[in-house]
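Each reported figure results from applying straightforward, stated rules to the coordinates on display, with no laboratory input. Predicted model only: the values in this text are computed from it and were never measured. Cβ placement follows ideal geometry from the backbone for every residue including glycine, while neighbour counts extend to all protein chains displayed.
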Ligand code: T3D
């Protein structure tokens, strides 16, 4: 079986990490297929939303540690190569994708797996799921955007606690502190996440892409710069088909039929 499963239905590209015996830990093949799936989402106009999840009882356990030879006498490993060639390009592609990515965290999300989830736009989780910044347990630094996402999502005190202690954070607590959007009962997660992804896939895709850009750039911008950015993005949104359709539908008291253009 492929280590990443991809299917398109109702304009939603479903991407399922598929190494369940390793809790969907990353190996080179999974990196390649996941990157290709995100590239497909970017290039295929039929795709208007992405739904990312994991097969089996875990979401993703981060780097596959069985791939790292740390036995006595083994050559030192330059982890910058791994981040530079795999994790960083993946996170960049996800954040730059001008379409919403919904993440359904079905089980434990550890290390780069936790931060892969946080790189998505809307993070949903099963009640039994959990998040672990497990890096410090093996002497590493949170990567895949963890040191960027965590303080912005939950504040620096909680970010430091999560990173230093590397304790398991239950999904409900993750929702309570604002790390993720919403928790669902385990047996409802897939249905709810699919419904949300389909709802987004029927929405004003160009507007969503622009709002992602606005929100993600806001962290590094002054209010002045952000106001200018909003003006420029709103200009673009206002030229879209979906803006005209949205306003027409409002005036005609009907549901808009967005085309994603
Ligand atoms: O190297 C680089 O490229 C640098 C980049 C690093 C990015 C990172 O992600 S570093 C962090 C790597 N991940 C971890 O440190 C997490 C390791 N895993 C765990 O701590 C635990 O497995 C979990 C907390 C995630 C889940 O615990 P539990 O008790 O539910 O399951 P388990 O029994 O530990 O795991 C089930 C199986 O999955 C088990 O295999 P086995 O014994 O049944 O054959 C376990 O070895 C395997 N597994 C889990 N995580 C990994 C893994 N195998 C390889 N790599 C893993 N990361």
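Filtering 114, 119, 104 for residues that are near the ligand (Cβ under 9 Å from one of its atoms) and under 10 Å from the mean Cα position of the chain (by Cα) leaves a single hit, 114.
All of 42, 109, 74 fail the test of being in a loop (DSSP other than H, G, I, E, B) and either away from the ligand (no atom under 11 Å from the Cβ) or crowded, with 20+ Cβ neighbours inside 10 Å (or both), apart from 74. The residues of the stretch 45-69 that are part of a helix (DSSP H, G or I) and either out of contact with any strand residue (DSSP E or B) (no Cβ under 9 Å at 6 or more places or on another chain) or touching a residue at least 60 places away in the same chain (Cβ under 8 Å) (or both), listed by number, are 65, 66. Within the stretch 124-141, the only residue that satisfies the criterion of being surrounded by fewer than 22 Cβ atoms within 10 Å (Cβ to Cβ) and part of a strand (DSSP E or B) is 132. Of the numbered conditions (1) within 11 Å of the ligand (Cβ to nearest atom); (2) assigned to a helix (DSSP H, G or I); (3) in contact (Cβ under 8 Å) with a residue 40 or more places away in the chain, residue 24 fails exactly one; give the number of that condition. With (1) within 11 Å of the ligand (Cβ to nearest atom); (2) assigned to a helix (DSSP H, G or I); (3) in contact (Cβ under 8 Å) with a residue 40 or more places away in the chain applied to residue 24, the lone miss is (2).
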